[in-house]
1. Let me check against my output: what whole-number percent is the relative contact order of the range 1-53, with C-alpha pairs under 8 Å and at least 6 apart?
2. What is the distance in Å between the Cα centres of the range 32-53 and the range 17-31?
3. With Kirkwood radius over Cα pairs in Å defined as stated, name the option among (1) 13.8; (2) 16.0; (3) 12.7 computed from the structure displayed.
4. For the chain, what does the accessible surface come to per residue with a 1.4 Å probe? Please give it in Å².
5. Compute the angle between helix 2-21 and the longest alpha-carbon principal axis of the chain, please, reported from 0 to 90 degrees and rounded to the nearest 10.
6. Expressed as a whole percentage, what fraction of the accessible surface of the chain belongs to carbon and sulfur atoms when a 1.4 Å probe is rolled over the protein heavy atoms?
Amino acid sequence: MQRDAEQAVKALQDAIVDALVQGQRIEIRGFGSFSIHHRPERTGRNPRSGESVLVPAKRLPHFKPGKALREAVDFAPTA
């Protein structure tokens with residue numbers, strides 16, 4: 001049973017990664033949504049030398065929790 005759960009989680013993870021690589025947005029109702037955020041090219045600074053460095057543009061995964069997940073985490077049980 002644990003092996004079946006591991007396979008299901010791995011399949012879900014692979015599907016999310018494949019969709020994000022293709023630039024798609026994934027939404028799991030009640031849980032949240034995964035999307036890609038684009039960071040433009042920018043000039044950074046090397047903290048050791050103070051030298052300016054060009055940081056290339058990149059695509060990063062972004063997760064936004066759904067309302068049900070936010071409410072479940074925010075719930076504080078009374079003692």
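The values are calculated or read from the model by the stated rules, or taken from the named source; none is laboratory data. Computed from a predicted structure; not experimentally measured. Please note that ligands, DNA and RNA were not included when accessible areas were found on the heavy atoms of the full protein model with its side chains. Shrake-Rupley method; radii C 1.70, N 1.55, O 1.52, S 1.80 Å.
1. 18
2. Each part reduced to its Cα centre gives a spacing of 23 Å.
3. Matching entry in (1) 13.8; (2) 16.0; (3) 12.7: (2).
4. Accessible surface, normalised per residue, equals 89 Å².
5. 40
6. C and S atoms contribute 55 percent here.
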